[in-house]
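The values are calculated or read from the model by the stated rules, or taken from the named source; none is laboratory data. The structure displayed is predicted, hence computed values, not measured ones. All Cβ positions, even for glycine, are placed from backbone atoms using ideal geometry, and neighbour counts span all protein chains on display. Protein only, heavy atoms only, side chains kept; ligands, DNA and RNA dropped before computing areas. Shrake-Rupley method; radii C 1.70, N 1.55, O 1.52, S 1.80 Å.
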Amino acid sequence: AQSVTQPDIHITVSEGASLELRCNYSYGATPYLFWYVQSPGQGLQLLLKYFSGDTLVQGIKGFEAEFKRSQSSFNLRKPSVHWSDAAEYFCAVGAGSSASKIIFGSGTRLSIRP
Amino acid sequence: GAGVSQSPRYKVAKRGQDVALRCDPISGHVSLFWYQQALGQGPEFLTYFQNEAQLDKSGLPSDRFFAERPEGSVSTLKIQRTQQEDSAVYLCASRTGGAGDTEAFFGQGTRLTVV
């Protein structure tokens, strides 16, 4: 069965520091992979997605993610975080044809230290 | 509006009451999804429509949950005889449904509290 694991429940980084959020997935075929961000009281916003091609994917707000098939990972990175990046981050895998079912991880809450 | 709209934003229901949650997808979007997000958890898939056809309802937790999209646009998620464990945020998302399209746009959700 498809699943997504985000091992870090909560991460705190200093403003300006680099960030890496971990994500591991379980899926039999080549997956569609996503990172979403959810700010308090806001809907989920897509940061980036991968389903083929270059394994390093660029997204909005300066985020990037790297697909590593050998490690079943899709970690999210940002070289320098801003206070406005504080939010909940969800990794997700799309299952079925054209990702008709999106399966989310349990999320990582990011706090920014001034 | 330009985005996915859900109403009401907040709903308090007494245990045993029936509730109906509405989703207005982005105009022209063929695909529509419902998710349930419990506090501190990631969204859990409930059901998926393509136009008016409900193609996947494998995530509906019980037969008390029912979703419809009769004209292929607005969708309603109905929960009968609500229980406390139904308390969650219910998210709706829509997608164009075109070939290769995978980006789903989410609404802000309806927070349901069952007391």
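What the table shows:
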| read-out | value |
| --- | --- |
| Listed residue (B:S87, B:V30, B:G97) projecting farthest to the positive dipole end of chain B, Cβ model | B:S87 |
| Average projection area in nm² (convex hull over Cα atoms of chain A, one quarter of hull surface) | 6.9 nm² |
| Where N is the number of residues in region B:23-68, Cα Rg divided by 2.2 N^0.38 Å | 1.21 |
| Relative contact order computed over region B:1-94 (Cα-Cα under 8 Å; 6+ residues apart), in percent | 36 percent |
| Hits among lysines - C-alpha to C-alpha of B:K11 under 17 Å, sequence gap 8 or more where chains match | B:K78 |
| Geometric extent, Cα atoms of chain B - Rg, Dmax (angstrom) | 13.4, 43 |
| Chain A: most fluctuating residue of A:K61, A:K78, A:K49 per GNM, C-alpha cutoff 10 Å | A:K61 |
| Hydrodynamic radius of region A:16-75 per Kirkwood, over alpha carbon pairs, in Å | 12.5 Å |
| Computed magnitude of the charge dipole of region B:1-80 (debye, nearest 20; Cβ of K, R +1, Cβ of D, E -1) | 400 debye |
| Per-q log10 I(q)/I(0), the protein assembly as shown, q = 0.09, 0.11, 0.14 Å⁻¹ (Debye; single scatterer per alpha-carbon; no solvent) | -0.37, -0.55, -0.88 |
| Accessible surface of region A:2-114 [probe 1.4 Å, protein heavy atoms]: carbon and sulfur percent | 48 percent |
| Computed log₁₀ I(q)/I(0) - Debye formula, equal Cα scatterers, no solvent, region A:65-114, q 0.17, 0.18, 0.25, 0.33 Å⁻¹ | -0.68, -0.74, -1.06, -1.21 |
| Alpha-carbon centroid distance for the pair region B:5-54 / region A:50-114, whole angstrom | 24 Å |
